[in-house]
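Worksheet: one structure, shown below.
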Amino acid sequence: MSRRYVLGNEAIAHACLEAGVDFVSGYPGTPSSEIIETLIRFKPSFHVEWSVNEKVALENALGASWTGVRTLVTMKHVGLNVAADPLMTSAYTGVKGGCVIVSADDPFAHSSQNEQDSRCYAKFAKLPCLDPCSVQDAHDMLRDAFSLSEELGLPVLFRPTTRICHQKSDVELGEVATEHRKGSFQKNPQQFVVIPAHTRVLHRRLNEKQPLVKETLARRGYFSTDLKGKDAVIASGIAAAYAREILPPGTSFIRIGAYPIDERWLRDVITAHERVLVMEELDPMVEEAVRQVAGSTIVHGKLDGMVPSEGELSLPLTYRALTAAGFINATDVPLAPVPAQGVPVRPPIMCAGCMHRATFFAMKKVFKDGIYPSDIGCYTLGLQLGAVDTCICMGASITIGSGIYHAGETHPIVCTIGDSTFLHTGIPGLMNAVYNGASMVVVILDNRTTAMTGHQPHPATGSTALGGETPPVSLEAICRACGVQYVETVDPYDLPTLTAAFQRAAEYTGVRVVIARQPCVIIARRAGIQRQRYMVDPERCTACGLCVRFGCPAIETTDEITTITDLCSGCGVCAQICPQGAIMREART
Amino acid sequence: MSDVYNALIVGIGGQGVVLASNVLGEACLAEGRTVRCSETHGMAQRGGSVESHVRINGRYSPLIPPGQADLLISFELLEALRYRHYLKPEGTFVVNEYLVVPTSVYVQRLPVPQKDELLEQLRGDRFYLIDAQALAKEAGSPLTQNIVMVGAASTHLPLAITSLHEGIKRWVPAKTLEMNLKAFDLGRAATTR
Ligand code: SF4
Ligand code: SF4
C-alpha cells in the first residue's frame with residue numbers, strides 16, 4: 001500500500017494492475033485516453049493495444065475474456081456507440097475472465113460532440129454499471145470490478161466522468177499483481193454462438209440473473225446511507241462529492257454507486273423521508289428509479305426543473321438545487337462575483353506549423369464555393385478558418401458528403417478526414433461512395449498520429465501501443481482497393497504543389513483522394529526534427545494582413561507591424577503566402 | 001470545510017499550468033494533507049485557456065466555486081482577468097506580467113488588448129505582479145516560468161518550503177532540478193521583497 005498523488009485515470013490504470021488484468025484494448029478518446037497510456041508506462045508483460053476502433057477493441061476483449069483472462073476495454077462515451085453491437089449481445093453470452101468496459105462520460109461536452117449518458121447503455125444491455133464519486137472510489141471500484149464480473153459472469157460497465165478522470169487527489173494504491181492468467185478457449189456453442197435457438201435461452205438466463213445482479217451490488221456496498229432527518233439528498237457520481245461538501249446538517253445522505261438499484265432497498269430509504277432531492281449528472285436515471293418507489297415522499301430533481309438536465313453540476317448548482325428544494329435558505333448561499341466582461345475568448349487553436357492549416361488554406365483557395373464535410377480530430381478546429389461545414393461523429397465526413405452529393409447538390413464537395421479517423425470508421429464510407437457513384441474530393445489529413453487525444457499510434461504509423469514495430473498500413477493502397485482511381489499524395493508544406501494537386505483533382509469526377517502528409521508538429525518535435533524559424537523583414541512588409549489571416553498563432557500584428565514569435569515551428573507556409581516575399585528563414589546563429 | 005485552502009492556477013495550454021499544480025498537490029501529500037485537484041486535459045491544451053483547481057485539505061469537490069479562491073495564480077494577463085471573479089475579496093492575486101493576444105483577435109481584427117489597461121483593471125489589494133520571464137531566464141531557462149510563479153505564490157500558501165521542494169523534485173525532469181529550485185527561490189524573493 002502506498003499513498004500517492006495521481007490522476008483519476010492513473011488510479012484506474014493502477015487498480016487494473018492490482019487486479020491482475022491480462023489483456024487491455026481501447027481506442028483513444030478524451031477523457032479516457034490516459035488509462036491505457038498509464039498502463040503502457042508500466043511496461044506491461046501482458047497484451048495492451050490501441051485498437052482500430054471501439055467495436056474492434058471490445059470484440060478483442062470479449063474473445064480474450066472467453067478464454068478466462070481478465071480484460072479491460074477503454075473508450076469515451078461516444079465510442080460506446082461504435083461498440084454497441086457487441087456490447088448488447090455480450091450480456092447474453094456473458095464472460096469467463098472478468099471483463100470491465102470503461103466508458104468515460106463527458107458532461108458539459110468539454111471535448112465531445114454530445115452529452116450522452118453511458119449508464120443508459122448498461123440499462124439497455126442489462127449489464128451492471130459502476131459510477132464512482134471520487135478518485136479513490138474509482139480506484140477501489142475498478143480493482144473489485146473484475147471479480148464482480150466473474151462472480152456474475154457478465155461484463156461490467158464502468159462509467160467515470162471528466163471530473164473523475166481528470167481529477168488528481170491523494171489516493172491509497174495497492175500492490176501490483178505479479179501473477180497472470182493464460183487463456184484457453186473451451187468450445188461451448190450454446191454460449192458463444194448466438195443463433196436464434198441459443199440466444200432465446202441466453203436472453204431468459206440474463207433476465208433471470210437480474211435479481212442476483214442487484215443483490216450482489218448491494219452486498220458489495222455500492223449503496224450507502226447516512227440517515228439523519230426528514231429530508232434526504234440522494235446522489236451519484238461526482239454530484240455526490242458536491243452534495244457531501246455542502247450537505248445541510250440534519251439532512252440524510254444516500255449515495256448510489258451502481259446500477260441496477262435494488263427497488264426494495266430504495267423504497268425503504270426513500271419512504272423514510274418526507275422530501276428527497278436527487279443530484280446526478282446527465283440523465284435522470286436515479287431519479288426515475290426513485291420516483292417509481294417514492295409513494296407520498298416528495299421528489300425533487302431534473303424532472304421538476306430543480307436540477308439542470310444538461311451540462312455538468314458544481315457546488316453553485318448544488319446550492320441552487322438545495323435552495324429550490326427548500327433544504328436551505330437563499331441567505332445560506334455564498335455570493336458569487338460576476339466575471340469580467342469583454343475579455344477576448346481563447347479557444348484552442350491548431351498549433352503553429354500544423355499541416356491542417358496549410359491544407360485548409362489551399363483547399364479553400366481551389367474549391368472556393370465548395371462544401372466541406374469534416375470529421376473528428378484537431379482539424380475540426382478548421383471551423384475557425386471556415387473550412388469545416390459538418391461534423392457529427394467519427395468517420396462521418398465522406399458519408400455525409402455522399403448524402404449531400406446524391407441529394408443533388410451541385411457545388412464541389414471536399415471532405416476532410418484524419419488518418420486515424422479514416423482507419424477508425426472512414427473506410428466503409430469511402431468504399432460506399434465509390435460503389436454508389438458519389439463524386440467528391442476526399443482529403444486525408446495524414447499527420448501520422450492520433451493527435452487530438454495525445455498522439456497515440458495507429459496501424460499506418462508502423463508502431464504499436466507498446467512501441468513495437470509493425471508493417472504500416474498504406475492509405476494509398478486502401479483507397480485504391482476501395483476502387484478510387486485518383487489517389488495523389490502531397491506535402492502540405494509545399495503550397496504550390498498542394499494547390500496544383502487540388503486543381504488537378506478538381507478536373508476529374510468520381511471519388512478523388514488527395515492525401516496531405518506531414519507529421520503533426522508535436523510528433524515531429526519529439527522525433528527531433530528541427531526547422532529554422534521564420535521572420536518578417538519590416539522593410540518589405542506592407543502590412544497587407546494576408547499572413548495574419550492565415551491564422552498561425554506564431555504570427556502577431558500590432559500597429560501595422562507584423563512579427564513572428566518563438567512559437568514558429570518553421571513550416572514555411574506563411575512565407576509562401578506573403579506576396580511581397582517579406583517572410584524568410586531566420587539566419588542561423 | 002473552513003480549513004480548505006483554494007488555489008486556482010490559470011494560463012494558456014503549453015505554459016505548464018498542470019505541472020505547477022502538481023507541485024502543490026505533491027506538497028500536500030508530503031504533509032499528509034488531503035487534496036482535490038481538477039485539471040484541463042485534451043483539446044483545450046492546444047493553446048486554449050486552461051485552469052487547474054487545487055483544493056488543499058479538500059475532501060470532496062475538485063472544483064473551486066467562483067468567489068472562493070484564497071489564491072489565484074495567473075500565468076498571463078488576459079487569463080488573470082478572465083478568472084478574477086474566482087478570487088475571494090481578501091484573496092491573494094499573483095500574476096505574470098505577460099500578455100498573449102489570442103490569434104483570433106488578430107485574424108478578426110478585434111481591438112488588441114493593451115498591457116497597461118489590463119494592469120489597471122487587475123490591480124488591487126494583495127496583488128503581486130511578477131516578471132516570470134525575466135526571472136526564469138535568470139534561473140537558466142524560460143521553461144521554468146511556471147516554477148517561478150509557484151515560488152512567488154509560496155509565501156501565501158499554507159505549505160512548507162521543504163514540501164514544495166519535494167513537489168518540484170517529484171515533477172520536474174531530474175536534470176533541470178537545480179534550475180527549477182533556483183527559479184522557485186527567485187519567484188519567492190520577488191514577493192517577499
Ligand atoms: S497537435 Fe498536431 S495535429 Fe493537432 S493542432 Fe497541433 S500540429 Fe496540428
Ligand atoms: S513558418 Fe510561418 S506559418 Fe509556419 S509556423 Fe512559422 S510563422 Fe507559422
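Being part of a loop (DSSP other than H, G, I, E, B) and facing chain A (nearest Cβ under 7 Å) is the filter here, so list the residues in the range B:34-56 that pass it. Before you say what the answer is, go through the steps one by one.
To start, the set of residues in the range B:34-56 that are part of a loop (DSSP other than H, G, I, E, B) comprises B:34, B:39-41, B:46-48.
Scanning the range B:34-56 gives B:Thr34, B:Glu39, B:His41, B:Arg46, B:Gly47, B:Gly48.
Within the range A:502-527, which residues are within 16 Å of ligand 1 (Cβ to nearest atom) and either over 29 Å from the mean Cα position of the chain (by Cα) or surrounded by fewer than 16 Cβ atoms within 10 Å (Cβ to Cβ) (or both)? Break it down into steps so the answer makes sense when it comes.
Just the residues of the range A:502-527 that are within 16 Å of ligand 1 (Cβ to nearest atom), to begin with: A:515-527.
Hits for the range A:502-527 are A:Arg525, A:Arg526, A:Ala527.
If you scan the range A:380-401, which residues turn out to be open to solvent by 10 Å² or more (accessible area, probe 1.4 Å) and either among the hydroxyl-bearing types (Ser, Thr, Tyr) or on the phi > 0 side of the Ramachandran plot (or both)? Those that are open to solvent by 10 Å² or more (accessible area, probe 1.4 Å) and either among the hydroxyl-bearing types (Ser, Thr, Tyr) or on the phi > 0 side of the Ramachandran plot (or both): A:Thr380, A:Gly386, A:Thr390, A:Thr399.
Residues in the range B:85-95: is at least one within 19 Å of A:Pro348 (Cβ to Cβ), free of Cβ contacts under 8 Å to residues at least 24 places away in the same chain and outside any loop (DSSP other than H, G, I, E, B)? Before you say what the answer is, go through the steps one by one.
Step one: of the range B:85-95, the residues within 19 Å of A:Pro348 (Cβ to Cβ) are none.
Within the range B:85-95 (the criterion being within 19 Å of A:Pro348 (Cβ to Cβ), free of Cβ contacts under 8 Å to residues at least 24 places away in the same chain and outside any loop (DSSP other than H, G, I, E, B)), the answer is no, since none of the residues qualifies.
Where in the range A:33-121 are the helices (runs of 4 or more DSSP H), entirely inside, with at least 2 residues that are open to solvent by less than 30 Å² (accessible area, probe 1.4 Å) and within 14 Å of chain B (Cβ to nearest Cβ)? Spell out the reasoning first.
Working: elements: A:34-41, A:54-66, A:77-82, A:84-93.
Correct list: A:34-41, A:77-82.
For first residues located in the range A:346-361 and under 15 Å from A:Ile522 (Cα atoms) and more than 8 Å from ligand 2 (Cβ to nearest atom), partners that are among the hydrophobic types (A, V, I, L, M, F, W, C) and part of a loop (DSSP other than H, G, I, E, B) and lie 6+ apart or on another chain with Cβ distances below 7 Å form the pairs A:His356/A:Met350.
Yes or no, residue by residue, for (1) assigned to a loop (DSSP other than H, G, I, E, B); (2) away from chain B (no Cβ under 13 Å):
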| site | (1), (2) |
| --- | --- |
| A:His356 | no, no |
| A:Lys368 | yes, yes |
| A:Ile376 | yes, no |
| A:Leu383 | no, no |
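All conditions but one from (1) among the aliphatic types (A, V, I, L, M); (2) open to solvent by 40 Å² or more (accessible area, probe 1.4 Å); (3) closer than 16 Å to B:Gly11 by Cβ apply to B:Ala183; the one that does not is (2).
Here A:Ala582 meets each of (1) modelled with pLDDT of 95 or more; (2) within 16 Å of ligand 1 (Cβ to nearest atom) with one exception, condition (2).
Among the conditions (1) in contact with an Asp or Glu (Cβ under 7 Å, 6 or more places away or on another chain); (2) closer than 18 Å to A:Tyr493 by Cα, A:Gly551 misses just one, which is (1). Residues of the range A:444-455 that are over 13 Å from the mean Cα position of the chain (by Cα) and not in a loop (DSSP other than H, G, I, E, B): A:Ile444, A:Leu445, A:Asp446.
Here A:Thr421 does not fit the description of being away from ligand 2 (no atom under 16 Å from the Cβ), among the polar types (S, T, N, Q) and either in a strand (DSSP E or B) or within 14 Å of chain B (Cβ to nearest Cβ) (or both). Scan the range A:533-564 for residues that are open to solvent by less than 30 Å² (accessible area, probe 1.4 Å) and near ligand 2 (Cβ under 8 Å from one of its atoms) and the total you get is 7.
So B:Leu72 fits all but one of (1) more than 8 Å from every other protein chain (Cβ to nearest Cβ); (2) of a type in the set (A, V, I, L, M); (3) surrounded by fewer than 24 Cβ atoms within 10 Å (Cβ to Cβ); what number is the exception? Going through (1) more than 8 Å from every other protein chain (Cβ to nearest Cβ); (2) of a type in the set (A, V, I, L, M); (3) surrounded by fewer than 24 Cβ atoms within 10 Å (Cβ to Cβ) one by one, B:Leu72 breaks only (3).
Mind listing just one residue for me: the one in the range B:19-33 that is in contact with a Ser or Thr (Cβ under 6 Å, 6 or more places away or on another chain) and more than 8 Å from chain A (Cβ to nearest Cβ) and, of those, surrounded by the most Cβ atoms within 10 Å (Cβ to Cβ)? Outline the logic, then answer.
Filtering the range B:19-33 for residues in contact with a Ser or Thr (Cβ under 6 Å, 6 or more places away or on another chain) gives B:21, B:27, B:30-31.
Restricting the remaining residues to those that are more than 8 Å from chain A (Cβ to nearest Cβ) gives B:27, B:30-31.
Details: B:Ala27: 29, B:Ala30: 19, B:Glu31: 16.
Per the criteria, the residue is B:Ala27.
Restricting attention to the range A:237-259, the residues that are away from chain B (no Cβ under 14 Å) and under 24 Å from A:Gln136 (Cβ atoms) add up to 7.
Exactly one residue among A:Val333, A:Val338 is open to solvent by 40 Å² or more (accessible area, probe 1.4 Å), more than 30 Å from A:Ile577 (Cβ to Cβ), away from ligand 1 (no atom under 16 Å from the Cβ) and in contact with a Lys or Arg (Cβ under 8 Å, 6 or more places away or on another chain), and that residue is A:Val333. Would you call A:Cys552 within 14 Å of chain B (Cβ to nearest Cβ), closer than 23 Å to A:Ala352 by Cβ and either within 16 Å of ligand 1 (Cβ to nearest atom) or of a type outside the set (Val, Ile, Thr) (or both)? Against the criterion (within 14 Å of chain B (Cβ to nearest Cβ), closer than 23 Å to A:Ala352 by Cβ and either within 16 Å of ligand 1 (Cβ to nearest atom) or of a type outside the set (Val, Ile, Thr) (or both)), A:Cys552 qualifies.
Do you know which residues across the range A:375-393 are within 21 Å of the chain's Cα centre (by Cα) and within 16 Å of ligand 1 (Cβ to nearest atom)? Residues satisfying the conditions are A:Asp375, A:Ile376, A:Gly377, A:Cys378, A:Tyr379, A:Thr380, A:Leu381, A:Gly382, A:Leu383, A:Val388, A:Cys391.
Is it the case, given these coordinates, that A:Gly570 is within 16 Å of ligand 1 (Cβ to nearest atom), of a type outside the set (S, T, N, Q), open to solvent by less than 20 Å² (accessible area, probe 1.4 Å) and outside the structural domain of A:Gly429 (by TED's automatic domain parsing)? Quick ask: steps written out before the conclusion?
Numbers: within 16 Å of ligand 1 (Cβ to nearest atom): yes; of a type outside the set (S, T, N, Q): yes; open to solvent by less than 20 Å² (accessible area, probe 1.4 Å): yes; outside the structural domain of A:Gly429 (by TED's automatic domain parsing): yes.
The answer is yes for A:Gly570.
The values are calculated or read from the model by the stated rules, or taken from the named source; none is laboratory data. Quick caveat: nothing in here was measured; it's all calculated off a predicted structure. Every residue, glycine as well, gets a Cβ built from its backbone with ideal geometry; the counts of neighbours run over all protein chains shown. These area figures cover heavy atoms from the full protein model, side chains too; ligands, DNA and RNA do not enter into them. Shrake-Rupley method; radii C 1.70, N 1.55, O 1.52, S 1.80 Å.
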